[in-house]
Amino acid sequence: MPKILLCFPEGRHKALTMSYDDGTVADRRLVAIFNRYGIKGAFHLNSGLFGVPGRLSEEEAAALYAGHEVSAHTLTHPTIARCPKEQIVHEVMEDRKGLERLAGYTVRGMSYPNGSFNEEIKRMLPALGIEYARVVQTTGHFSMPDDWFEWKPTCHHKDRLLERVDDFIRLHKTQYLYLMYVWGHSYEFDNDGNWELIEQFCERAGGHENIWYATNLQIVDYVKSYGQLKFSADLSFVFNPAASSVWLSVDGRIVEVKGGSQIKLA
């Protein structure tokens with residue numbers, strides 16, 4: 001029986017993703033830095049606050065975030081754990097509607113406004129079309145999440161960012177999947193006067209062939225595609241009913257299982 005491990009696309013074992021909230025005008029500079037170094041991320045936006053002083057307009061946001069993920073952050077950024085269920089439904093669904101108009105695709109992720117959530121809200125989100133939600137509590141490590149609706153990042157960008165990315169780059173044990181997930185607000189770089197921090201981070205993190213640079217939702221979709229694979233009982237073959245490819249390590253050999261295909265593994 002072969003030994004099979006999930007890999008990231010192209011057989012990689014490391015992934016990097018970013019997560020930034022609120023859609024302020026400082027995102028212009030942040031997105032430009034990400035694009036320069038090939039870094040990908042999710043931008044969690046309040047569609048009801050477009051055009052408020054200090055925030056982007058809807059028209060600018062549509063173009064700015066091309067190549068990244070537009071994600072929900074509720075319509076008006078309330079502390080939702082204190083809100084009635086009816087208000088939570090309104091805040092999430094109306095935010096999705098507004099964001100989908102500008103993005104042109106289904107918005108299926110979010111981050112909790114003010115970091116506010118509880119177990120009841122987590123249970124509500126799948127019925128509202130949300131497939132992951134990021135929290136503000138961090139892990140300090142590079143493991144994959146065990147709860148997509150309480151997705152804990154590795155760190156905030158103020159928390160030993162350059163030290164952590166150096167540790168991440170040095171990771172080499174291919175029996176593990178490593179994920180570095182950084183979150184924050186772009187306006188913090190203005191407030192703290194330290195744009196060089198994220199510039200240095202992206203310069204160090206970008207351009208590595210063994211790292212998959214992905215949005216939050218791309219990671220969710222990929223892991224879910226892996227979960228849909230249909231393995232034979234003896235692991236001699238596998239069928240992929242999804243549309244996109246999944247990569248596996250089979251006895252140390254990298255194998256691509258293309259969407260809609262069945263392949264032999266042993």
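Some points to look at:
- Boolean, H73 is buried (at least 20 other Cβ atoms within 10 Å of the Cβ) and either in contact (Cβ under 8 Å) with a residue 40 or more places away in the chain or within 19 Å of the chain's Cα centre (by Cα) (or both): yes
- Complete set of residues in the range 78-94 that are surrounded by 18 or more Cβ atoms within 10 Å (Cβ to Cβ) and touching a residue at least 40 places away in the same chain (Cβ under 8 Å): I80
- Neighbours by Cβ (under 6 Å, 6+ apart or cross-chain): first from the range 201-216, assigned to a loop (DSSP other than H, G, I, E, B); second acidic (D, E): T215/E69
- M110 vs. criteria within 17 Å of Y181 (Cβ to Cβ), touching a Ser or Thr at 6+ places or on another chain (Cβ under 9 Å) and in contact (Cβ under 8 Å) with a residue 60 or more places away in the chain: yes
- Qualifying residue in the range 175-185 (condition: of a type outside the set (D, E), assigned to a loop (DSSP other than H, G, I, E, B), closer than 15 Å to A15 by Cβ and touching an Asp or Glu at 6+ places or on another chain (Cβ under 7 Å)): no
- Any chance G227 is over 30 Å from M110 (Cβ atoms) and not hydroxyl-bearing (S, T, Y): no
- Residue count for the range 163-181 satisfying the condition of being farther than 16 Å from K152 by Cβ and basic (K, R): 2.
- Within the range 1-55, tally of residues that are surrounded by fewer than 21 Cβ atoms within 10 Å (Cβ to Cβ), out of contact with any strand residue (DSSP E or B) (no Cβ under 6 Å at 6 or more places or on another chain) and charged (D, E, K, R): 5
Computed from the coordinates by the stated procedures, all read-outs in this text should not be read as laboratory data. What you are looking at is a predicted structure, and each value in this text was computed from that prediction instead of being measured. A quick note on method: Cβ atoms are made from the backbone with ideal geometry, for glycine too, and the neighbour counts reach across all protein chains shown.
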